Amino acid sequence: MDAVLAMIPPEEKLEFSALTGQALFYMEKDSLRHKLLSVSEDGGLNDAAYSLKGLITDKRLRKASPGKDPQTGKMVTLTYEVEGPAALMVTSTAAELDAEFKNRCLVLTLNEDREQTEAIQALQRFAQTLEGKKQKKRKDALRALHHNAQRLLRRLEVVNRFAPLLRFSSEQSRLRRDQMKYLGLMNALALLHQYQRPIKRDDDAGEYVEVTLEDVALCNRVCAEVLGRTLDELAPQTRRLLELLRDRVAHLATEKALEGPQIRLSRFDIRKHTRWSDTALKVHLRRLVELEYLVVHRSVKGLFEYELLYRGEGDDGGRFVLGLIDVEELRQRKEAQDYDAARSGLLNGWSGQNGARSGVGQGPVSPRSGGGPIEGIALPINKDKALNEKKATKEEKAYRGNALPSYPRVVSYPQPVAP
């Protein structure tokens with residue numbers, strides 16, 4: 001935490017060892033606005049936990065308290081208000097954090113591997129050498145550079161045109177906050193790169209910078225580390241059941257040409273496929289549901305059915321977040337959406353009137369060579385193909401009765417459904 005705080009400009013942070021329960025309410029109105037508030041240990045904010053949760057969620061604090069009017073001496077109700085938003089940074093050695101406080105924050109853990117300890121010890125020894133002393137002197141200049149770079153950042157709106165195409169797990173209500181962390185990280189990345197990207201302007205929104213696919217890719221990778229989980233949280237037998245369920249879903253998807261979310265497994269199906277006892281299945285299925293690898297549905301027959309959310313993420317031992325969209329898939333979907341919105345012709349359809357194929361409106365061009373130019377015939381779009389063909393045949397006969405050249409049957413096509 002000290003290393004991160006050292007990179008923040010002094011005027012943009014407030015560092016405390018402890019906070020009392022009412023301390024934040026009596027600060028100056030703008031003293032916390034867009035500031036980083038750090039507390040050395042979570043034990044130092046137990047009394048202030050309520051006010052901190054309110055500051056994070058509501059982005060302001062407002063309190064009514066009795067006080068004495070300095071002019072009349074009478075007791076009156078005084079209002080204290082502190083504006084946010086503010087960032088919070090705190091360390092803890094506790095094994096478990098308060099659940100309501102935890103789901104408002106990103107929780108990072110230290111690397112306690114032996115290799116990390118050896119790297120730290122090597123750096124400690126290096127700091128005692130002459131080169132280490134020189135490097136310590138260069139730290140101040142490097143920090144000043146970072147401070148000045150942050151001071152140059154302008155306040156801009158951030159627009160995420162990929163947002164409607166993104167995915168995020170939605171099985172629990174707490175994931176609403178997790179998705180906002182996910183989207184907020186993308187916004188922070190875009191804002192950070194405002195000098196490397198064009199600044200756009202909108203009459204209503206003002207100046208803004210856009211999120212790129214690179215931001216989405218980096219955000220997915222970071223969130224997999226911060227918000228993700230690993231298969232190591234599963235007991236060996238539970239992990240074995242997860243693998244069997246994954247194989248079963250993959251087999252059914254291939255056999256019945258279905259996608260994963262369309263496949264539901266009853267407990268009888270699972271018991272038949274795995275040949276596990278009902279008692280063992282109850283234990284391990286409950287564990288997989290609690291950890292959100294499975295979600296339970298009630299069928300029309302009143303039976304419990306299980307949908308597999310897990311798609312093989314983390315097989316390499318790394319962390320993962322269920323439900324995030326692959327960046328390449330996002331790119332393809334965005335390109336398809338942009339193409340669909342930019343199709344030529346009226347009503348975003350094919351060229352021609354009413355989005356139909358070329359017909360009326362082309363001028364003196366014959367439908368087919370011979371006989372000189374005549375006015376083309378285009379039937380209105382109708383989803384009933386049989387009716388269209390019937391109308392076309394009637395028109396064809398009328399033209400043949402007037403001794404005109406052979407006229408092709410004209411059948412309109414419905415507009416394609418946008419992907």
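Conditions (1) in contact with a helix residue (DSSP H, G or I) (Cβ under 9 Å, 6 or more places away or on another chain); (2) modelled with pLDDT of 75 or more, marked per residue:
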| site | (1), (2) |
| --- | --- |
| Leu231 | yes, no |
| Ala253 | yes, yes |
| Lys282 | yes, yes |
| Val289 | no, yes |
| His297 | no, yes |
| Tyr306 | yes, yes |
Exercise. From the list Ala48, Ala94, which residue is hydrophobic (A, V, I, L, M, F, W, C), surrounded by 15 or more Cβ atoms within 10 Å (Cβ to Cβ) and over 25 Å from the mean Cα position of the chain (by Cα)?
Worked result: Ala48
For this session: Please indicate, with yes or no, whether at least one residue in segment 104-127 is more than 21 Å from Ser17 (Cα to Cα), surrounded by 14 or more Cβ atoms within 10 Å (Cβ to Cβ) and not basic (Lys, Arg).
Result: no
For this session: Identify, by number, the condition in (1) in a loop (DSSP other than H, G, I, E, B); (2) of a type in the set (Asp, Glu); (3) at pLDDT 85 or above that Asp316 doesn't meet.
Result: (3)
Problem set entry | Which listed residue, of Arg151, Arg155, Arg138, Arg248, is surrounded by 13 or more Cβ atoms within 10 Å (Cβ to Cβ) and either within 26 Å of Asn111 (Cβ to Cβ) or charged (D, E, K, R) (or both) | Arg248
For this session: Can you tell me which residue among Glu292, Glu305, Glu243 is assigned to a strand (DSSP E or B) and either of a type in the set (Asp, Glu) or touching a Cys at 6+ places or on another chain (Cβ under 7 Å) (or both)?
Result: Glu305
Exercise. Quick check, is Tyr195 part of a helix (DSSP H, G or I) and either assigned by TED's automatic domain parsing to the domain that holds Thr57 or of a type in the set (Phe, Trp, Tyr) (or both)?
Worked result: no
For this session: Quick one: in segment 8-31, of everything that is over 23 Å from Glu81 (Cβ atoms) and surrounded by fewer than 14 Cβ atoms within 10 Å (Cβ to Cβ), which residue is modelled with the lowest pLDDT?
Result: Ser17
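With segment 55-167 as the region, which strands (runs of 3 or more DSSP E) entirely inside it contain at least 1 residues that are under 21 Å from Ser31 (Cα atoms) and in contact with a Phe, Trp or Tyr (Cβ under 6 Å, 6 or more places away or on another chain)? Break it down into steps so the answer makes sense when it comes.
Values: elements: 60-68, 75-83, 86-90, 157-159.
Correct list: 60-68, 75-83.
The values are calculated or read from the model by the stated rules, or taken from the named source; none is laboratory data. Since the structure is predicted, the reported quantities are computational estimates derived from the model, not experimental observations. As a convention, Cβ positions derive from the backbone with ideal geometry for all residues, glycine included, and neighbour counts pool all protein chains shown.
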